């Protein structure tokens, strides 16, 4: 993320949403009202909000559910989230140095795009189990698209696409590195198959059977991280088609 740009956009939005009383003098006549208005027109604020929402999704993923909105001002939640996000960006290093061990942090929004695209909407509403399920479905579909197959899915899909066997007609393979016959080549192919099998057996299947069990945010984030690794391997692999 371009931090400097994000802060400038947040500052612009915060300034636009300052509330001002509508009282004043119009044509020499004093007008008094209890009505308040944003500093910028509602149309200008709405245009800037389109950008701000994308920044907030990255910096404060749960802002839509964590911050209450006001019935009298549609921009209350956006404004408070923007103020918080600005402080997060400006003082991130200071906070981590003073409150923690400065350990690396993992943001769901920075995971592989397939995973976050599949999880985003449900994650932001606090439905973490369903968000993980959405990410798995997205990863499965993108893998099917890459190898041009709809006849298989999930564990079998990854076993066949990362198989060490030569490709066959309508059965393309994914190669994480050039097939030089080395032990390293065989290892990375088997690793992808094993990771996929573990994800579907250890994450996807329990989630589909334990529908009444919600995941914690931390546990769900760890699951998304595992999915992100597999998604990146698929995305970066070369397709070897059969003739």
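I want to verify the translational diffusion coefficient of segment 108-240 in µm²/s; compute it with Stokes-Einstein, Rh as the Kirkwood radius over Cα pairs, at 25 °C and 0.890 mPa s. Numbers along the way, then the final one.
Details: Rh = 15.1 Å.
Here the translational diffusion coefficient equals 162 µm²/s.
So for 175, 137, fewest C-beta neighbours within 10 Å to most, what's the order? Mind showing how you got there, number by number?
Numbers: 175 19, 137 15.
Listing 175, 137 from fewest to most nearby Cβ atoms yields 137, 175.
Report the gain in length on full extension from residue 156 to residue 137: 0.36 nm times residue separation, minus Cα-Cα distance, nm rounded to one decimal.
Details: separation 19, 0.36 × 19 = 6.84 nm, distance 1.42 nm.
Here the segment from residue 156 to residue 137 would lengthen by 5.4 nm.
With the chain treated as a Gaussian network of Cα nodes joined by springs under 10 Å, which of 205, 98, 145 yields the largest mean-square fluctuation?
Maximum among the listed residues: 98.
Which label belongs to the value computed from this structure, given these candidates for Rg and Dmax of the Cα atoms in Å: (i) 24.3, 88; (ii) 28.9, 81; (iii) 18.1, 58?
After the calculation, the listed value that fits is (i).
Stretch residue 188-residue 51 to full length: gain in nm at 0.36 nm per residue minus the Cα-Cα span? Don't jump to the answer; show the numbers that get you there.
On the way: separation 137, 0.36 × 137 = 49.32 nm, distance 3.99 nm.
Residue separation times 0.36 nm, minus the Cα-Cα distance, leaves 45.3 nm.
On full extension of the chain, what length is gained from residue 125 through residue 210, given 0.36 nm per residue of separation minus the C-alpha to C-alpha distance? Can you show the working numbers first?
On the way: separation 85, 0.36 × 85 = 30.60 nm, distance 1.98 nm.
Answer, rounded to one decimal: 28.6 nm.
Could you work out the helix-only [θ] at 222 nm for the chain, with each DSSP H run of four or more residues adding -39,500 (n - 2.57) and the total divided by the number of residues, to the nearest 500 deg cm²/dmol? Before the final figure, lay out each step's value.
On the way: 10 runs with 142 residues, N = 243.
So the helix-based figure for the chain works out to -19000 deg cm²/dmol.
Mind checking the alpha-carbon convex hull of segment 3-99 and giving the volume per residue in Å³? Mind dumping the intermediate values first?
Values: hull volume 12.2 nm³, N = 97.
Convex hull of Cα atoms, per residue: 125 Å³.
Where a number appears in this text, it was derived from the coordinates with a stated rule and is not lab data. What you see is a predicted model; the values in this text were computed from it and never measured. Note that we place each Cβ from the backbone using ideal geometry, even for glycine, and neighbour counts take in every protein chain shown.
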